[in-house]
Amino acid sequence: AGYARSLSVLARIHAAKELAATGRRPNIAAIVDAYGVEPHWGVRCVMAEALAMSNTAVAVAGLAGWIAVESDPLVLPALLEAAAAYRDEAICQAIMGRLERGLGYVATQAAYAALGAQREDAPYDLLLAAAERSGFNGIEQSGALRGLAAARRSAALPLLLRLVRYGGSSYYVRPDAVDALAALGAHVAAHERAQIVDALVELLRDPVHQVAIRAVRGLEALEASSAIAALEAYARSRVHQEAVVARRAVDRLRKKGERTEQALHEKLEDLRNQVRRLEAELAKLKV
């Protein structure tokens, strides 16, 4: 299928999505080529998002190339967010090159998050330094925090624990620091995860609504059944809208616990049956 610039904006958006959905190399290449002549910023955003889902070498090369030349501040954040779908040296180098040339606040935020998604190849020191800088409304700092969480390195834990505390970072940044802390909790050792759960439980008492509600969601995401009592206490002390979020989290944690308990019970019963069979076979051998 071809891509026609003569089509309407909506038609071009639909065409890009359909081409990407096929997963065929010529169609992905067609989107890459069309991006270079596409005049509408919204269509270019959709093209980037479509390629983020295609998981092809052509898409990676296309995204890296676009990052190097795109100048529209309306497109760059979406383009960099799409690039975060791939762990690839070309993507990493393209983003680092754009950061060196300078980006706007929102695009820089997306760039840091995409660099963190490179995991072991992420420029950790760069992200760590950026996470310490407050900047305008904490926009770039929040991106660096997302990047640190995405990099999955437990070395970021002390910094995140400091930034989530009341007064540890700005009003704009603290909720995102809570999200980053919870996201990191899924990829660290058990004792570090316990530290994170304890910190999130303490944040349920935080006077800033967005911080406390992010802590609720973080505890749910980490499946922290040990926090059920604290979540129930939080729900009792809050207005209905906030209490509902906590009660739903408690319900999900309890159901998860029941499923886990049932699975353990079934496994134990299976082991008992195996022992019985082995004892029966042994008894036959003795006869």
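The values are calculated or read from the model by the stated rules, or taken from the named source; none is laboratory data. Nothing here was measured: the structure is a model prediction, and the numbers come from that model. Note: ideal-geometry Cβ built from the backbone for every residue, glycine included; neighbour counts use all protein chains shown. In case anyone asks, the SASA skips ligands and DNA or RNA and just uses the protein heavy atoms, side chains included. Shrake-Rupley method; radii C 1.70, N 1.55, O 1.52, S 1.80 Å.
Points to keep in mind about this one:
- Matching residues, region 221-236, being over 21 Å from residue 186 (Cα atoms) and acidic (Asp, Glu): 232
- The single condition from (1) closer than 30 Å to residue 152 by Cβ; (2) touching a helix residue (DSSP H, G or I) at 6+ places or on another chain (Cβ under 9 Å) that residue 33 fails is (1).
- Condition check for residue 199: in contact (Cβ under 8 Å) with a residue 40 or more places away in the chain, within 17 Å of residue 227 (Cβ to Cβ) and part of a helix (DSSP H, G or I): no
- Any hit, region 54-76, residues being of a type in the set (Gly, Ala, Ser), closer than 30 Å to residue 135 by Cβ and open to solvent by 40 Å² or more (accessible area, probe 1.4 Å): yes
- Flag if residue 197 is β-branched (Val, Ile, Thr) and under 30 Å from residue 143 (Cβ atoms): yes
- Positions within region 29-45 being open to solvent by 20 Å² or more (accessible area, probe 1.4 Å) and assigned to a helix (DSSP H, G or I), in sequence order: 29, 30, 32, 33, 41, 44
- Count - residues of region 202-227 that are open to solvent by 30 Å² or more (accessible area, probe 1.4 Å) and in a helix (DSSP H, G or I): 9
- When region 104-122 is filtered for residues that are within 15 Å of residue 91 (Cβ to Cβ) and open to solvent by 30 Å² or more (accessible area, probe 1.4 Å), the ones remaining, listed by number, are 119, 120, 121.
- Criterion (under 19 Å from residue 222 (Cβ atoms) and surrounded by fewer than 19 Cβ atoms within 10 Å (Cβ to Cβ)) met by exactly one of 190, 199: 190
- Conditions (1) open to solvent by less than 30 Å² (accessible area, probe 1.4 Å); (2) in a helix (DSSP H, G or I): number failed by residue 21: (1)
- Output for region 238-251, where each listed residue is at pLDDT 85 or above and either under 16 Å from residue 214 (Cα atoms) or touching a Cys at 6+ places or on another chain (Cβ under 7 Å) (or both): 243, 244, 245, 246, 247, 248, 249, 250
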